[in-house]
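Participant: Structure incoming, see below.
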Amino acid sequence: MKILALEVETENASPKQFEPHLGAEARRAWELHQSDILRELYFRANRSSAVLILECANTLEAEQVLETLPLVQADLIRFDLIPLVPYPGFGRLFEEQGWQSKHPLQ
């Protein structure tokens, strides 16, 4: 399952608090990327916060993976998790031809 993870900075965290962890954070992100768990990693264009796409069995697994990040362990950031499913609407294009979508959100 794809999970969208949006970084939320801990209130009152200062940039100086992040600095000692940034190298380890990059290494851990690289490890997760190489293991095919962290599929995509971005920063928002309008502010300095990460947006991750994870491939996990469920949000619980995603939480466990994100807890291995040094900035999470240092309680400087957390993530809001949004589980994603494929868009089912395209199936409607083929209903008149007798094709049925099997997705529950149809």
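This table checks each residue for (1) of a type in the set (K, R); (2) in contact (Cβ under 8 Å) with a residue 40 or more places away in the chain; (3) touching a Ser or Thr at 6+ places or on another chain (Cβ under 9 Å).
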{"site": "E7", "(1), (2), (3)": "no, yes, yes"}
{"site": "A13", "(1), (2), (3)": "no, yes, no"}
{"site": "E25", "(1), (2), (3)": "no, yes, no"}
{"site": "W30", "(1), (2), (3)": "no, no, no"}
{"site": "N46", "(1), (2), (3)": "no, no, no"}
{"site": "A50", "(1), (2), (3)": "no, yes, no"}
{"site": "E63", "(1), (2), (3)": "no, no, no"}
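Participant: For the range 32-44, give me each residue that is of a type in the set (D, E, K, R) and without any contact (Cβ under 8 Å) to a residue 12 or more places away in the chain.
Facilitator: If we filter the range 32-44 for residues that are of a type in the set (D, E, K, R), which is where we start, we get 36, 39-40, 44.
Within the range 32-44, R44 is the sole residue that qualifies.
Participant: Picking from L60, L38, which residue would you name as being surrounded by fewer than 17 Cβ atoms within 10 Å (Cβ to Cβ) and within 13 Å of the chain's Cα centre (by Cα)? I'd like the intermediate steps shown before the answer.
Facilitator: Values: L38 fails: surrounded by fewer than 17 Cβ atoms within 10 Å (Cβ to Cβ).
Going through L60, L38 in turn, just one is surrounded by fewer than 17 Cβ atoms within 10 Å (Cβ to Cβ) and within 13 Å of the chain's Cα centre (by Cα): L60.
Participant: Just to be sure I understand, how many residues within the range 54-85 are outside any strand (DSSP E or B) and of a type outside the set (S, T, Y)?
Facilitator: First, the residues of the range 54-85 that are outside any strand (DSSP E or B): 56-76, 85.
With the extra rule that they be of a type outside the set (S, T, Y), the set shrinks to 56-58, 60-67, 69-76, 85.
The number of residues fulfilling the criteria is 20.
Participant: Could you please let me know if I77 is surrounded by fewer than 16 Cβ atoms within 10 Å (Cβ to Cβ), among the aliphatic types (A, V, I, L, M), closer than 13 Å to A5 by Cα and in contact (Cβ under 8 Å) with a residue 24 or more places away in the chain? If you could, list the steps in order and put the result at the bottom.
Facilitator: On the way: surrounded by fewer than 16 Cβ atoms within 10 Å (Cβ to Cβ): no; among the aliphatic types (A, V, I, L, M): yes; closer than 13 Å to A5 by Cα: yes; in contact (Cβ under 8 Å) with a residue 24 or more places away in the chain: yes.
No.
Every number here is computed from the coordinates shown, using simple stated rules; none is lab data. Fair warning: this is a prediction, and the values are worked out from it, not measured in the lab. Here Cβ is always computed from backbone atoms with ideal geometry, including for glycine, and neighbour counts include all displayed protein chains.
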